[in-house]
Amino acid sequence: MKAIILAGGPGTRLRPLTCTRPKLLMPIANRPLLDWTFERLSWAGVSEAILAVNYMAEAFEKHFGGERYGIRITYSREEKAMGTGGPVKLCERLLKLEEEETLLIMNGDIWCDLDFSALEASHKRNVSRGAVATITLYEVEDVSRFGVVELQPDGRITAFHEKPSGRVESKLINAGIYASTSQIFSYIEPRKTSIEREVFPRLAGENRLYGFQHRGEWGDVGKFEDYLKVNFRVAKSLAGEKPRIEGSVEYDSTVKLNPPVILGDGVKLSPGSKIGPNAILGRNVTVGRECQISNSVVFDGVEFGDGCLVKGSIIGEGVLLGGNVRITGGSVVGDLAIISPGVKLLRKVYVCPRKEVEKSALGPKRIV
Ligand code: GTP
């Protein structure tokens, strides 16, 4: 099995964090999102992956080089944005599929515990019935943000509605991961195009599109709320009822750890701090006395002064927080920003990287 991973989007909804890193290298439980994916792909025997890159392409090459977990990695660079179909078509020239070899195509901004070999096995059965592609499906309550499918009892997808505005019966959505034969390329035009809007409806109309339902964990990290949710789910499954300590961490008995909590290597917690629930602290984070951190992700190298409170927020790499800073309500601080003592950033306040913030912001605002 070989894989194409779409990794080139600018991730505008995750700015300011994606001003300094691509979305797919954002940490999930202290590990870049795409590392989780490569590990799972290797378990399923994927030998080669093409990363379709565009925005911050060099960051991927620097991080992964030519191989990860035994998977050979090549890069397909685009000159301009080409939607979800154009980049896949561009990869055709770089791929040599063996006869009957399965091609996996996936949006890279997904975290899931899918068994890729089970998807491959299902796809192979579908190919014997004429399938070109088998889409991974996931059941959600609110389908309006996704592509919704109508699935027949024999596994065929007979209709595909991208981001439906009206009422649809089905709760099964396109999870952004497909297994296909090399025939998929003949359905994609070499231009900016959408697989979901142009290719899938056509395949469904020809009875050549099948579905495979995934029932485990799945989430995309397109928005801050989703990014936090995925982190907390992974933290819960990794850490459970005990704090997860990754390496050498310093704290005394006055510190309260309320799981799920993950503490990266080199974390130092001063007396009286309360960490958790749902707190993920990256490597070398230092926390002053009497701080409270919950429902938040803190990237590597952040320094907290005494008496800080961070709740429901994301703090980027190397940020400095003065004493008694309060950051709450889905606020996000870009890398290397400096927040002066006593400042409050209370609700959806987004701070650009390297910004020095001396005044409080109590409601939605971008500090640029
Ligand atoms: P937003 O700008 O916040 O919408 O994020 P995004 O740029 O990542 O777009 P979206 O969430 O729609 O992308 C879904 C997946 O497709 C992600 O893995 C993106 O990296 C990838 N993607 C989106 N646009 C492109 C593109 O033009 N080229 C490539 N190679 N990948 C893309």
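The values are calculated or read from the model by the stated rules, or taken from the named source; none is laboratory data. It should be emphasised that the depicted structure is a prediction, and the values quoted were computed from it without experimental measurement. Here the Cβ positions follow ideal geometry from the backbone for every residue, glycine too, while neighbour counts run over all protein chains shown.
For region 338-352, the criterion of being without any contact (Cβ under 8 Å) to a residue 60 or more places away in the chain, of a type in the set (S, T, N, Q) and surrounded by 22 or more Cβ atoms within 10 Å (Cβ to Cβ) is met by no residue. Scanning region 1-16 for residues that are over 18 Å from residue 95 (Cβ atoms) and away from the ligand (no atom under 11 Å from the Cβ) returns a single hit, 16. Screening region 17-49 for residues that are of a type outside the set (A, V, I, L, M, F, W, C) and near the ligand (Cβ under 8 Å from one of its atoms) and picking the one that is farthest from residue 63 (Cα to Cα) gives 18. When region 1-60 is limited to residues that are within 15 Å of the chain's Cα centre (by Cα) and polar (S, T, N, Q), the one that is nearest to residue 297 (Cα to Cα) turns out to be 30. All conditions in (1) assigned to a helix (DSSP H, G or I); (2) of a type outside the set (Lys, Arg); (3) touching a residue at least 12 places away in the same chain (Cβ under 8 Å) hold for residue 58, with the sole exception of (3). Is it the case that region 63-79 has a residue that's of a type outside the set (A, V, I, L, M, F, W, C), within 18 Å of the chain's Cα centre (by Cα), near the ligand (Cβ under 10 Å from one of its atoms) and part of a loop (DSSP other than H, G, I, E, B)? For region 63-79, residues of a type outside the set (A, V, I, L, M, F, W, C), within 18 Å of the chain's Cα centre (by Cα), near the ligand (Cβ under 10 Å from one of its atoms) and part of a loop (DSSP other than H, G, I, E, B): absent. Screening region 262-305 for strands (runs of 3 or more DSSP E) wholly inside it with 2 or more residues that are of a type in the set (A, V, I, L, M) and out of contact with any Pro (no Cβ under 6 Å at 6 or more places or on another chain) returns the ranges 279-281, 296-298. Could you list, in sequence order, all residues of region 53-69 that are more than 18 Å from residue 18 (Cβ to Cβ) and either exposed (fewer than 12 other Cβ atoms within 10 Å of the Cβ) or not assigned by TED's automatic domain parsing to the domain that holds residue 41 (or both)? If the condition is that a residue be more than 18 Å from residue 18 (Cβ to Cβ) and either exposed (fewer than 12 other Cβ atoms within 10 Å of the Cβ) or not assigned by TED's automatic domain parsing to the domain that holds residue 41 (or both), then 65, 66 are the ones that fit. For the structure I just gave you, tell me whether residue 13 is surrounded by fewer than 19 Cβ atoms within 10 Å (Cβ to Cβ), on the phi < 0 side of the Ramachandran plot and touching a Phe, Trp or Tyr at 6+ places or on another chain (Cβ under 7 Å). No, not satisfied.
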